[in-house]
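All remarks here apply to the structure that follows.
The values are calculated or read from the model by the stated rules, or taken from the named source; none is laboratory data. None of these values were measured; they are calculated from a predicted model. Cβ: placed from backbone, ideal geometry, glycine included. Neighbour counts: every protein chain shown. Quick note on the areas: whole protein, heavy atoms, side chains included, nothing else; ligands and nucleic acids left out. Shrake-Rupley method; radii C 1.70, N 1.55, O 1.52, S 1.80 Å.
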Amino acid sequence: MKTAVIEALEKFYGKNDAEIRLFYSPGRVNLIGEHTDYNGGYVFPCALDFGTYAAIRKRNDKKVFMASLNFDLKVEVDLDALNFDKSHDWANYPKGVLKVLQDEGYDFSGFEIVFEGNIPNGAGLSSSASIELVTAVAVNEVFNLNIDRIKLVKLCQKAENTFVGVNCGIMDQFAVGMGKKDHAILLKSDTLEYSYVPLKLEGYKILITNTNKRRGLLDSKYNERRSECEKALSYLQEALPVKNLSEITIEQFEEYKDLIPDEVLRKRAKHVITENKRVLDAVKALNDKDLIKFGELMIESHNSLRDDYEVTGKELDTLVEEALKLKGVIGSRMTGAGFGGCTVSIVKEDAVEEFIKVVTHNYTQKIGYRPTVYITGIGEGAGEIKY
């Protein structure tokens, strides 16, 4: 894949003396801490060991040529006329990055860029953040813009929010841009305080299982949950001087939850407050080298997302139920926004084959179509690859 993008660039745009440089950006998965990000809480993502490659070569004009080996579409744009264009499909993500860089006052010429990724599209593993970061890091390095990495991460989030129009939090871009091999990132969403936590999986593997469900309801339900959290918070603020739900302890919630008159809103707040605590407990478990406890917290997280936040659905629940019937599975939960997408499981190495066989078979029997299972390690964040 590394050399394929380089060869493709020369095939599509011809050979010349200008240097071709190669960049890579991973996908990401959130291990625990779901729907806490827009409530000012902790998340715990890691970069995966698969992602997006990009070969890039400078031009002397204002033209940008983009191609991907994953899609037929090739796009040519002028740096003086960067606008969202629905027909440009995937290319709107890198275009958005270029527009935001321009708006921030950075100056660069045109270039040719060819992408190839092996992140499953639509699986909720951040293919969009991956293509944004690989573009941003490449342009930053090739044109010597000297933008520090955290700023680059924020600009990529801004591109997705303002140019593409997806109201995502910062976690995806942060995990992709700041990932570190064999470490997860404890990230406080509202302040961007972060620390790396070693995640040594001796004898275990991370398995990501895609429900392969088409996600239609997602945006409306996501916005609905956000507004439910805001309403629940407004009731609790009558007694507590807090800015967001994640500042509230479980003890405070128990004391003041009756201020929330609506049972559904109470459940939403309960999930956020308990999930935030689970992230910190999960980090402690890892620091204590207690992977079994970490797995138990993943299961508790899923149950809370199912019962209190109600964002799982039968596909995700079936995957988790079938996984947890197997010996050697110490934790499994939905990851991402919910209503489809993926689960993440921690599975003993010698149980991986059985997991794939049994979970695939039982899910297909119950749901009517097959899931897809990916075995992954924890990889590096975005950067240049010397070849």
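Of all aspartates and glutamates in the structure, the ones whose alpha carbon falls short of 15 Å from that of Lys15, not counting any fewer than 8 places away in one chain, are Glu7, Glu112. Specify whether the C-alpha gyration tensor of the stretch 180-270 places it in the rounded, prolate or oblate class, a ≥ b ≥ c being the square roots of the eigenvalues: rounded for a/c under 1.5, otherwise prolate if a/b is larger than b/c and oblate if not. Oblate, since a/c reaches 1.5 and b/c is not below a/b. The calculated pair-distance distribution of the stretch 143-190 uses every alpha carbon pair, bins of 10 angstrom beginning at 0, and gives 25, 49, 25, 2 percent. Along the stretch 103-118 the Karplus relation, 6.51 cos²θ - 1.76 cosθ + 1.60 evaluated at θ = phi - 60°, assigns HN-Hα couplings of 4, 7, x, 7, 10, 7, 8, x, 6, 10, 9, 10, 9, 8, x, 10 Hz to successive residues, with x for each Gly and Pro. When the inverse distances between all different Cα atoms of the stretch 1-100 are averaged and flipped, the Kirkwood radius reads 16.0 angstrom. Each residue of the stretch 373-387 was assigned a 3J(HN,Hα) from its phi angle through the Karplus expression (A = 6.51, B = -1.76, C = 1.60, θ = phi - 60°), giving 10, 10, 9, 9, x, 9, x, 7, x, 5, x, 8, 10, 7, 10 Hz with x at Gly and Pro.
Contact order, relative form, for the chain: 24 percent (alpha carbon pairs under 8 Å, 6 or more residues apart, mean separation divided by residue count). Once the GluC sites (Glu not before Pro) in DSSP loops with at most 15 neighbouring Cβ atoms within 10 Å are cut out of the chain, the longest remaining piece is 239-387.
The sum of -39500 (n - 2.57) across all DSSP H runs of n ≥ 4, divided by the residue count of the chain, sets its helix-only mean residue ellipticity at 222 nm to -12500 deg cm²/dmol. Evaluating 6.51 cos²θ - 1.76 cosθ + 1.60 at θ = phi - 60° for every residue in the stretch 351-359, the Karplus couplings come out as 10, 4, 4, 5, 3, 4, 5, 6, 5 Hz, glycine and proline recorded as x. Spatially, the stretch 315-333 and the stretch 1-54 are offset by 29 Å when compared through their Cα centroids. Within the shell of other residues whose beta carbon sits under 14 angstrom from the beta carbon of Leu265, the net charge comes to -1, with Lys and Arg scored +1 and Asp and Glu -1. In the neighborhood of Glu19, defined by Cβ-to-Cβ distances under 9 Å, what is the net charge if each Lys or Arg adds +1 and each Asp or Glu adds -1? Net charge in that neighbourhood comes out at +2. When you filter the chymotrypsin sites (Phe, Trp or Tyr not before Pro) in the stretch 1-92 for DSSP loop state and at most 15 other Cβ atoms inside 10 Å of their Cβ, you are left with Phe71, Phe84. A DSSP coil position with no more than 14 other Cβ atoms inside 10 Å describes the following trypsin sites (Lys or Arg not before Pro) in the stretch 52-82: Lys62. In plain terms, the C-alpha convex hull of the chain casts an average shadow of 19.7 nm² when viewed from every direction. Summing charges over neighbours of Asp182, with a neighbour being any other residue whose Cβ is under 12 Å away from its Cβ, gives 0 when K and R count +1 and D and E count -1. As a fraction of the 1.4 Å probe accessible area of the chain, surface on carbon and sulfur atoms comes out at 46 percent. Roughly how many Å is it from the Cα centre of the stretch 246-299 to that of the stretch 172-213, as a whole number? Cα centres, the stretch 246-299 to the stretch 172-213: 19 Å. Of all lysines in the structure, those lying under 26 Å Cα to Cα from Lys257, and not within fewer than 8 positions of it along the same chain, are Lys188, Lys221, Lys231, Lys243, Lys267, Lys270, Lys277. Hey, which of these cross-link pairs are over 19 Å Cα-Cα: Lys151/Lys386; Lys63/Lys154; Lys205/Lys357; Lys213/Lys348; Lys314/Lys348? Correct reply: Lys151/Lys386; Lys63/Lys154; Lys213/Lys348; Lys314/Lys348. Applying the criteria of a DSSP loop state and at most 15 other Cβ atoms within 10 Å to the trypsin sites (Lys or Arg not before Pro) of the stretch 300-387 yields Lys325, Lys327, Lys386. Proximity of backbone amide H atoms, modeled 1.01 Å from N, is registered between Ile32 and Phe44 at under 5 Å, excluding neighbours fewer than 5 places apart on the same chain.
Across the stretch 202-344, Cα pairs under 8 Å and at least six residues apart give a relative contact order of 32 percent. Binning the C-alpha pair distances of the stretch 107-229 at 10 Å intervals from 0 yields a P(r) profile of 10, 33, 38, 17, 2 %, listed from the shortest bin outward. Contact order, relative form, for the stretch 48-97: 24 percent (alpha carbon pairs under 8 Å, 6 or more residues apart, mean separation divided by residue count). On the principal axes of its alpha carbon atoms, the stretch 261-387 extends 58, 39, 31 Å, with the longest extent given first. Per residue, the chain exposes 43 Å² of accessible surface when a 1.4 Å probe is rolled over the protein heavy atoms with every protein chain present.
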